[in-house]
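What follows is a short report on a single structure.
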2 protein chains.
Amino acid sequence: MRNFDFQNPTRIIFGKNTIGRIGQEIRRGGHKLILVVAGSGSIRKNGVHDAVIDSLRKSQLTALECWGVQPNPTLAKTREIIEVAARAGVDAVLAVGGGSVIDTAKAVAAGVYVDDIWKLFEDRKPVMRALPIYTILTLSATGSEMNNYAVITREDEHKKWPIGGPALYPRVSIVDPSVQSSLPWEQTVNGAIDTISHTLEFYFQGGGETTLALDESLLRTVVSMTDRLQKNGQDYDARASLAWASTLALNGLSGTGIGDGDWATHGIEHGLSAVCPDVAHGAGLGVLFPAWILYCQDANPASFERWAKNLWNADTVEDGVAAYRAKIKAWGGAVTLKELGVKEDQIDTIATSGFGTGVNGVIKKLSIDDVRRILRSAFA
Amino acid sequence: MRNFDFQNPTRIIFGKNTIGRIGQEIRRGGHKLILVVAGSGSIRKNGVHDAVIDSLRKSQLTALECWGVQPNPTLAKTREIIEVAARAGVDAVLAVGGGSVIDTAKAVAAGVYVDDIWKLFEDRKPVMRALPIYTILTLSATGSEMNNYAVITREDEHKKWPIGGPALYPRVSIVDPSVQSSLPWEQTVNGAIDTISHTLEFYFQGGGETTLALDESLLRTVVSMTDRLQKNGQDYDARASLAWASTLALNGLSGTGIGDGDWATHGIEHGLSAVCPDVAHGAGLGVLFPAWILYCQDANPASFERWAKNLWNADTVEDGVAAYRAKIKAWGGAVTLKELGVKEDQIDTIATSGFGTGVNGVIKKLSIDDVRRILRSAFA
């Protein structure tokens, strides 16, 4: 078991009808002019926006609303919102949406204090200063509601890169799982695969038994709750358990005593969705993680065999991977790049972009040739 | 799954050779004169005290050392230390020891701000003001290193009562599991039983699947790591995993979505060790929890049956309890009050004291007669 530091200051408010508490939470923080960051408008249909605005109004807060954040959120949109936020001199940022909206809000919160936000991504140094961040989560997947990371895509250079640092922990995140019951099924699946993938980035490194057992409990819970939601999307307990597992999978706990995680698969996926922005992050990971496991299993056989045995009751890693792929298929997800709409001649560009994230693995340090081989093995 | 709020601000520094970081952590907090609270002197033998003093010295901090906190720590000792702390005007409190030392340090940290510390226990209101608290944990059991509770015994009235509140979270807790390798075996066992008991106080309430699965992962880990330590007390990975499970069992996570826990068994045990101060808290819980389970199983049969099945592979709650008792016996622990040295004519006093904690159960609300019956069933 490796040494570790653990601290996570974010307050989570979790459950039904909790969104109305956001106003008093922001008020308690002493802020008055709030930048609200949002996506393309689904929160106008499911009542979330109304609940937020009512709550801000009751707490006599002024809201400046910025709409239009897309999946695989872009540097261009981030810069646009930073300009608005800086000009208005907002006191705090409130993200209302999924991981893309939250990550954009985090980058904006840091961006008002620097000349060029992209420089923070290039520097790869911890972000120490940002506006206070609040979030209302509407899609459980990235874990961004309780961690200090954000991932943004610079489209012109095919770069999908992360920033992180102590200033990027949300102060308060509200998770009302009931608002996720209206999600399209494939978004639930992509969120589940994203959660599984976050856990696996740590798990395969091996480490302390407490965390490995905890990670296995998260992995099992995600699979069984997603199965339940496939039968009945209105199953609140399944939705809530999936949501909480998603938060716990990337709030620091799932890696305690293990290390900082491998993250090569995420690096490759960030290359994939930087080159093919229509590929959802979770869907990309569902294709890439099985391929990465098969390619890298010899680097830490005991961990991969344990996963196959404890999660899939399989005697070999190959059988474990087959079981995981069968589960993704049963959920209606893709298991090849071809199914995701990727063209074979894009593989080199994706490999270059993914390798360029600099996140090339710990369990097995990947060369750009390794990345190409993994992508090819995942093609069809 | 119930709604919940979760936030835990404590920073954990975990691993080998980490104690030397305490000085810089306290220095970073801006404190200069530190009250060091300690027990009867085991930290003088295992190098912990030397490491602490060296670290404080290097950070140019002044230490005021108060020794002599005993297991089942007393109000009298707490008051004695509060007087010293108040007279010296210390800036912060550093506990170096197990749960008793940490709980005393917490009560002292709150006590310097009030006329009578016991009034805080009688009032049962959240503690909102206390000196900054730092801890070096030397015995994993109570979880006090990462929660905001403290339990103190008022001997003259046979009251072993808790206080809690936001001000009682330690700012930083250092857990170096390697210093626990010199512990007497029965202290390891009592710590393991304490950890199991904390988890069970939540688990039997039932609730969200994520947390129930997480709790099961903690319960399994504690049992298997204690088994490993029985074979080899120097097994660092087992010691570290047990220590981390102990922290996680009572830092708020193990109850997320479940509720505030039942705590009747803890109430009864607090009566037991208030009347019989030689009974270690964990040892008392090892006797009382199985008896409480058998007495209360009809109040929430699905949860008790799930525990029997998932933890002990048993078809009935009775068989699960028998398996748990067999495990405690195999570890050399007591399974009856008689084995703990309790006399039959003390049962009424213990019941009165335990019932008087006011913590009389949620799964089944216990009357004082129920408490007497549970104690009698646990006698021999």
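The values are calculated or read from the model by the stated rules, or taken from the named source; none is laboratory data. What you see is a predicted model; the values in this text were computed from it and never measured. Glycine gets a Cβ as well: all are built from the backbone with ideal geometry, and neighbour counts include every protein chain shown. For accessibility, only protein heavy atoms count, side chains too; no ligands or nucleic acids. Shrake-Rupley method; radii C 1.70, N 1.55, O 1.52, S 1.80 Å.
Taking Cα centroids, how far is the range B:172-204 from the range A:95-161 in Å?
Between the Cα centres of the range B:172-204 and the range A:95-161 lies a distance of 39 Å.
Report, as a whole number in µm² per second, the diffusion coefficient that Stokes-Einstein gives for the range B:14-55 at 25 °C and 0.890 mPa s using the Kirkwood radius over alpha carbon pairs. Numbers along the way, then the final one.
Values: Rh = 11.3 Å.
So the translational diffusion coefficient is about 217 µm²/s.
With every protein chain left in place, what is the accessible area of A:Tyr113 in Å² (1.4 Å probe, nearest 10)?
Its accessible surface works out to 90 Å², give or take rounding.
Considering the convex hull of the alpha carbon atoms of the range B:32-83, report its projected area averaged over all viewing directions, in nm², one decimal. Show your work: numbers first, answer last.
On the way: hull surface 15.3 nm².
Its average projected convex-hull area is 3.8 nm².
Under the Karplus relation 6.51 cos²θ - 1.76 cosθ + 1.60, θ = phi - 60°, what is the ordered set of whole-Hz ³J(HN,Hα) values for the range A:266-271, x standing for Gly and Pro?
5, x, 5, 5, 5, x
Cα gyration tensor of the range A:83-149, axes a ≥ b ≥ c as square roots of the eigenvalues: rounded (a/c below 1.5), prolate (a/b > b/c) or oblate?
Values: a/c = 2.13, a/b = 1.28, b/c = 1.66.
Oblate, since a/c reaches 1.5 and b/c is not below a/b.
Sticking with the crude label model, points 7 Å out along Cα→Cβ, report the distance from B:Lys16 to A:Lys329 in nm, one decimal please.
The answer from the label model is 4.6 nm.
For the range A:310-375, just list the percent of Cα-Cα distances falling in each 5 Å bin from zero outward, please.
3, 15, 17, 16, 20, 20, 8, 1
Hey, what D do you get for the protein assembly as shown in µm²/s if you plug the Kirkwood alpha-carbon radius into Stokes-Einstein at 10 °C and 1.306 mPa s? Please list the in-between numbers first.
Values: Rh = 27.1 Å.
Taking Rh from Cα pairs, D becomes 59 µm²/s.
Given Cβ point charges of +1 (Lys, Arg) and -1 (Asp, Glu) and nothing else, what value in debye, to the nearest 20, does the dipole of the range B:11-151 about its Cα centre take?
Values: 18 positive and 13 negative charges, 86 e Å.
Once rounded to the nearest 20, the dipole reads 420 debye.
Let's test the formula: R0 of 30 Å, r as the Cβ-Cβ distance of A:Arg376 and A:Lys309. What FRET efficiency results, to the nearest 0.05?
Numbers: r = 28 Å, r/R0 = 0.95.
Efficiency, from the Cβ-Cβ distance: 0.60.
Can you pull the accessible area of B:Glu318 for me, 1.4 Å probe, Å² to the nearest 10?
Solvent-accessible area, nearest 10 Å²: 100 Å².
Could you work out the Rg to Rh ratio of the range A:1-128, with Rh taken as the Kirkwood radius (inverse of the mean 1/r over all Cα pairs)?
Values: Rg = 15.7 Å, Rh = 15.8 Å.
Radius of gyration over Kirkwood radius for the range A:1-128 works out to 0.99.
Any idea what Rg and Dmax come out to for the range B:226-316 if you just take the C-alpha atoms, in Å?
Cα only, the range B:226-316: 15.6, 42 Å (Rg, Dmax).
Rounding to the nearest 10 and keeping the result within 0 to 90°, find how far the Cα-based axis of helix B:301-312 lies from the longest principal axis of chain B.
Tilt relative to chain B: about 70 degrees.
Rolling a 1.4 angstrom probe over the protein chains, ignoring ligands and nucleic acids, what is the accessible area of A:Trp67 in square angstrom, nearest 10?
My reading of the accessible area for A:Trp67 is about 80 Å².
Quick one: which residues, 5 or more positions from A:Val36 or on another chain, have an amide H under 5 Å from its amide H? H modelled 1.01 Å from N in the peptide plane, none for Pro or chain starts.
Distant-sequence amide H within range of A:Val36: A:Leu64, A:Glu65, A:Cys66, A:Leu94.
Using only Cα atoms and rounding to the nearest 10 degrees, what angle (0 to 90) does helix A:209-231 make with the longest principal axis of chain A?
In chain A, helix A:209-231 runs at an angle near 80 degrees to the longest axis.
Starting from 0.36 nm per residue, how many nanometres of slack lie between A:Ser224 and A:Met128 once their C-alpha separation is accounted for?
Fully extending the segment from A:Ser224 to A:Met128 adds 30.7 nm.
Just need the relative contact order of the range A:292-340 here, percent rounded to a whole number, with Cα pairs under 8 Å and 6+ apart.
That works out to 23 percent.
With a bin width of 20 angstrom, please list the P(r) values of chain B as percents of all Cα-Cα pairs, from the 0 bin to the one holding the largest distance.
The percentages, shortest bin first, are 30, 60, 10, 0.
Using a 1.4 angstrom probe with every protein chain in place, what is the largest-first accessible-area order of A:Met128, A:Met225?
On the way: A:Met128 140, A:Met225 5 Å².
Heavy-atom accessible area, descending, gives A:Met128, A:Met225.
Please find the FRET efficiency linking A:Arg79 to B:Asp54, where r is the Cβ-Cβ separation and R0 is fixed at 56 Å, and quote it to the nearest 0.05. Don't skip to the answer; put the middle values down first.
Values: r = 50 Å, r/R0 = 0.90.
The value I calculate is 0.65.
Which entries of A:Lys338/A:Lys364; A:Lys160/A:Lys329; A:Lys160/A:Lys343; B:Lys309/B:Lys329; A:Lys125/B:Lys106; B:Lys32/B:Lys106 show an alpha-carbon separation above 29 angstrom in the structure shown?
Numbers: A:Lys338/A:Lys364 26 Å; A:Lys160/A:Lys329 27 Å; A:Lys160/A:Lys343 19 Å; B:Lys309/B:Lys329 20 Å; A:Lys125/B:Lys106 36 Å; B:Lys32/B:Lys106 18 Å.
Too far apart for the 29 Å limit: A:Lys125/B:Lys106.
Please give, to one decimal in nm, the separation of the simple spin-label points placed at B:Asp156 and A:Asn3, each 7 Å out from Cα toward the Cβ.
Rounded to a tenth, the inter-label distance reads 4.7 nm.
How much length is gained if the chain between A:Asp298 and A:Val114 is pulled fully straight, taking 0.36 nm per residue apart and subtracting their Cα-Cα distance, in nm to one decimal? Walk me through the numbers on the way to the answer.
Numbers: separation 184, 0.36 × 184 = 66.24 nm, distance 4.42 nm.
Additional length available on full extension: 61.8 nm.
What nm distances, shortest first, do you get from the label point of B:Ala299 to those in the other copies when the point sits 7 angstrom along Cα to Cβ?
When each copy's label point is compared with this one, the spacings are 5.1 nm.
Could you sort A:Leu137, A:Leu183 by accessible area so the largest value comes first, with the probe set to 1.4 Å?
Details: A:Leu137 0, A:Leu183 35 Å².
Ranked list, largest accessible area first: A:Leu183, A:Leu137.
At 1.4 Å probe size, put A:Tyr295, B:Tyr203 in order of accessible surface, largest to smallest.
Details: A:Tyr295 70, B:Tyr203 0 Å².
Ranking A:Tyr295, B:Tyr203 by accessible area, largest first, yields A:Tyr295, B:Tyr203.
For the rotation bringing A onto B, which A residue has its Cβ nearest the axis, and at how many Å?
Taking the axis that maps A onto B, the answer comes out as A:Ser217, 2.
Suppose R0 equals 35 Å; then what is the FRET efficiency for A:Asn232 and A:Asp348 from their Cβ-Cβ distance, rounded to the nearest 0.05?
On the way: r = 44 Å, r/R0 = 1.25.
E(calc), rounded to 0.05, equals 0.20.
Output wanted: per-residue J couplings in Hz (rounded whole) for the range B:35-40, from phi through Karplus 6.51 cos²θ - 1.76 cosθ + 1.60, θ = phi - 60°, x for Gly and Pro.
8, 9, 9, 9, x, 8
Could you work out the longest stretch of chain A that avoids the trypsin sites (Lys or Arg not before Pro) located in DSSP loops with at most 15 other Cβ atoms within 10 Å?
Values: sites that count: A:Lys16, A:Lys32, A:Arg124, A:Arg129, A:Lys343, A:Lys365.
Counting at most 15 other Cβ atoms within 10 Å as exposed, the longest clean stretch of chain A is A:130-342.
Can you check what the net charge comes to around A:Tyr134, using other residues whose Cβ is under 13 Å from the Cβ of A:Tyr134 (Lys, Arg +1; Asp, Glu -1)? Spell out each step's value before the answer.
Numbers: positive: A:Arg11, A:Arg21, A:Arg27, A:Arg28, A:Lys106, A:Arg171; negative: A:Glu25, A:Asp91, A:Glu145.
Local net charge: +3.
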